[in-house]
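Only one structure is covered here, and it is reproduced in the block below.
The values are calculated or read from the model by the stated rules, or taken from the named source; none is laboratory data. Note that the structure is predicted; figures quoted are calculated from it, not measured. Quick reminder, even Gly has a Cβ in these numbers, built from the backbone with ideal geometry, and neighbours come from all protein chains shown.
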Amino acid sequence: MSSHRSRIPRRSAGRLAGTMALTAALCAPGALSAQEPGPAPAPSASLSLEDAVALARSNNPDFLAQQNDRRTARAASRAARADFLPSARVSNTFGYTAEGERRYGSVAIAANQPSIYSSSYNLGFSYSLDGAKLAQPSIARAQERATEHRIQGAGADLASQVSQQYLSVLQAQEEVAQAEREVSRTEEHRRLAQARLDVGAGTPLDVRRAEVQKGQAEVRLLQARNTLANNTLGLGQLMGVDLQPGAQLTSRFEVFQPEWSAESLIEQAVGNNPGLRAARSQAGAARTGIRAAQSSYFPTLSLNVGWDGSVFRAGDIDPLVEEGIQGAQVRLNSCLQSNRLAELLGTPATDCGQFAFTPEAIRSQVRDQNSGYPFNYDRQPMSASLTVSLPLFTGLSRQQRVEEARVQAEDAEYQVRARENRMRVEVSTALRNLQTAFETVQLQDQVIRTATEELRLAQERFRFGAAGSVEVTDAQINLSQAEQARIDAVYNFHKSLAALEALVGQPLR
């Protein structure tokens, strides 16, 4: 990891096979769970950084919840376009009125009326057009773009978190390996101290000091393994899967000298950073809100067209038959009375035969009129209306809405500018951190070489009795600290590079 190159090759050999193996391991019963002690451990799934990011995008609940906002935004955009279509309605009403006297206020309209069953329908079309409806499609499209960019920003943040956690797991693996080397070195020193004691060239103090150092190394190894397990579980949580410490991470990274300029990286970040793009889209959506508020000054056009029909049926036709007979008798008597007057006046008489009736004929007529319920409607003529309304004065509410929309748009623009300024500082800082981390790795390489040589010389001197165990212990501690510092420096480099890539909005290696 100490070779210097202008690029970082990311080795992901067997990526497809690794993905299939990981999927099979996750789907198999009991996969990736704690294994029973046995002669051989269960095989672990391989996982590259690309696979980890892909799994996180597919399974992370928080990210999936944000992706659902896309469906809501698209539905709002479709609804805004469909709002230009006319609306249609159809209804059918069934009613019942009990028998009794019909009254309107204190005036009796009809007495002893039978119970009435009614059925009516209404079919109507309506269309309205105003300024808000005209502005809504552009507002919905702007909100949809802002939502899409916000989801892209969430995906980029998730990828950055997965990358950082993936590097933390790799760092923990390196720390475990370093702790294992330390245990091996201390064990070798303990054996040497014991051998010297056995031949009479050493002291029990040398042996006890070596045992203490070995015990401390074993404690550090235990803590390093615990850190590895916790970081692996954290990576699985980000991925949305149950990832156990046995998973093998296949992506490897190399340290190289960064040669970018802050100006070029800032230019890329201003154009590609997902969070900044989302802020710009939100500002654009806020600007459309100004047009929406101004649309309240426009007139409103409303068109309504409708068709109606109804049918009635009496629960008992006898009162209607009696009423019909009485009416027919009144008409016949009136005709006869008119003929008597005509005879006295010498004018032509009227043929009263046309008013002749029989109760059976009246009943048959009423029965025919009372048939057809519930769907043989008597249609009413079509009705239509067109209304144009223009608000003249509504207080200052419209002016208030327009001013609020302008303030929101200006605030959104200020937020974009503030984010751009912050982005410039963050990119410059991240690049400096990356350069510092690279130089730190180089210095730590030199320190490790020196500490390794120091330990070799101390061990030789101890072997030949020219030095005590304290000198070897100090040399081992120095080497252990140098190795740990180099691991920290290397992964500070990788994490700084990952943070810089997240700011720039595109891979740099």
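So which residues in segment 192-239 are among the charged types (D, E, K, R) and under 21 Å from ALA177 (Cα atoms)? Full working, then the answer.
Narrowing segment 192-239 to residues among the charged types (D, E, K, R): 196, 198, 206, 208-209, 211, 214, 218, 220, 225.
The answer is GLU211, LYS214, GLU218, ARG220, ARG225.
Scan segment 455-470 and report the pairs whose first residue is at positive phi and assigned by TED's automatic domain parsing to the domain that holds THR203 and whose second residue is of a type outside the set (Ser, Thr, Tyr) and outside any helix (DSSP H, G or I), with Cβ atoms within less than 6 Å and a gap of 6+ or a chain change.
The qualifying pairs are GLY465/ALA201.
Of all the residues that make up segment 188-215, how many are in a helix (DSSP H, G or I) and free of Cβ contacts under 8 Å to residues at least 12 places away in the same chain?
Just the residues of segment 188-215 that are in a helix (DSSP H, G or I), to begin with: 188-198, 204-215.
Then drop every residue that is not free of Cβ contacts under 8 Å to residues at least 12 places away in the same chain, which leaves 188, 191, 195, 197-198, 204, 208, 212, 215.
Result for segment 188-215: 9.
Which numbered condition trips up GLN257, out of (1) modelled with pLDDT of 90 or more; (2) in a helix (DSSP H, G or I)?
All conditions are met except number (2).
Does at least one position in segment 493-505 carry a residue that is in contact with a Pro (Cβ under 9 Å, 6 or more places away or on another chain), among the small types (Gly, Ala, Ser) and outside any helix (DSSP H, G or I)?
Yes - at least one qualifying residue is present in segment 493-505.
What's the number of the only condition in (1) surrounded by fewer than 16 Cβ atoms within 10 Å (Cβ to Cβ); (2) more than 30 Å from LYS133 (Cβ to Cβ); (3) of a type in the set (A, V, I, L, M, F, W, C) that PHE355 fails to meet?
Result: PHE355 fails condition (1) only.
So, ARG340, is that one loosely packed, with under 13 Cβ neighbours inside 10 Å, out of contact with any strand residue (DSSP E or B) (no Cβ under 6 Å at 6 or more places or on another chain), basic (Lys, Arg) and more than 30 Å from ALA384 (Cβ to Cβ) or not? Even if it seems obvious, please write down each step before you answer.
Values: loosely packed, with under 13 Cβ neighbours inside 10 Å: yes; out of contact with any strand residue (DSSP E or B) (no Cβ under 6 Å at 6 or more places or on another chain): yes; basic (Lys, Arg): yes; more than 30 Å from ALA384 (Cβ to Cβ): yes.
So ARG340 passes the test.
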